[in-house]
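Laboratory data are not the source of any read-out in this text; all were calculated from the coordinates shown. The structure presented is a predicted model; accordingly, all values stated were derived computationally and were not measured. Counting neighbours? That spans all protein chains shown, and the Cβs are built from the backbone with ideal geometry, glycine included.
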Amino acid sequence: MSDPEEQTHPEELKSFDDLPEAVRAGLGDLGWREPMPVQARVVPAMRRGGDLIVQARTGSGKTGAFGIPIALAVDPARREPQALVMAPTRELAQQVAGEIEAIGRHRGIRTLPVYGGVAYGPQLEALREGVHVIVGTPGRILDHLNAGRLSFTAVRLVVFDEADELLSLGFWPDMKEIRSFLPAQRQSCLFSATIPEKVLALSRAFLREPDFISLVEGHSSPSEIEHFYYVTTAQEKEKNLARILEYEEPESAIVFCNTKDDVRYVTSFLQRRGFDADQISGDLTQAARERAMARIKAGELRFLVATDVAARGIDISDLSHVIGYSSPDSPEVYLHRTGRTGRAGKAGVALSLVSGLDIGNFRHLMKVNKLTIKERPLPTDEQIVARLRERLQVKVEQEIRHLSPSDQALQVDRFLPVVEALAATEEGRRDLAAVCSRYLREHRPETVVRDADAGAPAVAAVTGSPPPGRRRRRRGGRR
């Protein structure tokens, strides 16, 4: 399947008055009076029945953009799942399920949020009574599928909400397995704020000749480099670099510095923080440089710290991020740096750390290179904690999914007194933090890559072995 291209269609949803009365009533309950731009463009496109990739920011009204077509497509008389929405977090699954439930309430449509960390009972009871729409995180959805408690034989519409976040949290193996339970004949729609290569790989696995709709200014194609910068003080630059890496969780990146001293310092700082980093600079022997290059090309190294001179000639086809720790000496150097990602038609992300002293030069290079580079706020402590918690939850669910609920309780409950005792003291809390840190480092995110033989995405674990096979049953056709 070729990469999607921008499609233009004259028809848009101008007014909610064009929708059936029952759906209008639901939208009225939500206080929605007129379509937002993403709804105006996406609702007619989804109703045509083709697959879609939609680039839209969080908060743009995208839930309504796919929620309205879902409410229109579902047959209330059939008490079985007919639409599936996969979301990256429990909170988002709850929110999306609530909005779809409200939109379809007057049509008698029942929506069930499905996610881990809560009791099975209410979810099982709702499934027995019959629901029309499943909204949830891939882990608990797959749990129900493998146990035979859930069937997707009647599903005709699948939505990936915040697909970039789904993949950042490590759900790719789960989604790949869920695919085997889905009917071949279905409509699949992918929504994402950014369209990096891993999201395109996901689209190639699940979508068929999708149209592309962008609601992000300046973006006309998913195959491009996205540029962002963070403002930081010079004194806190290395700490903020670590915060960005912790939050963004790049699959692979080159971190550019202007001097060999900075390369050594940044590499040492990242390694002490537990990041998988190595360096190349003029101080190293050619053999050492070649070893570092071979490791990052093979996916055995995530972060390569380098000077511009040492990085000449580097060609890494699957590099996801380029990070400017030091401001480039000239506008041309910025283009050379960022050109290391987004190779071979793939997408990439370029991030820059800009201090107050450098902001003038940075704006000058934007003007000279005719680039619009958006500022991003540095991730807060709360955002980093939430992201780490989400990653831990995903990994834990993947570890214990093969156990029955009773076995899960037996194996988990016996450690609750240990956790409570450790959490009661400062030393114990630090021990728990060390366990969490080690656990996340040992369970590295899996990278979505192209399988050259099969022509479809495959999962390449950066470290460790792939998860064990799981018992499967009641599957629909493959697609």
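Just a few scattered comments:
- Other residues lying with their Cβ under 14 Å from the Cβ of ASP17 contribute a combined charge of -1, Lys and Arg counting +1, Asp and Glu -1.
- Per-selection Rg to Rh, segment 225-375 - Cα, Kirkwood hydrodynamic radius: 0.93
- Three semi-axes describe the equivalent ellipsoid of segment 46-199; taken as square roots of 5 times the Cα gyration tensor eigenvalues and ordered largest first, they are 21, 18, 15 Å.
- Here segment 145-285 yields Rg over Rh of 1.09, to two decimals, using C-alpha coordinates and the Kirkwood radius.
- For LEU157, the residues 5 or more places off, or on other chains, whose built amide H falls under 5 Å of its own are LEU84, GLN187.
- Within the same chain, lysines fewer than 8 places from LYS198 are excluded, and of the rest, those with a Cα less than 23 Å from its Cα are LYS62, LYS176, LYS297, LYS346, LYS374, LYS395.
- Positive contributions from Lys and Arg (+1) and negative ones from Asp and Glu (-1), summed over other residues with Cβ under 15 Å from the Cβ of LEU72, come out at +1.
- Divided by 2.2 N^0.38 Å, where N counts the residues, the Cα radius of gyration of segment 231-304 comes to 1.09.
- Contour minus Cα-Cα distance for ALA434 and ARG179 (0.36 nm per residue): 88.3 nm
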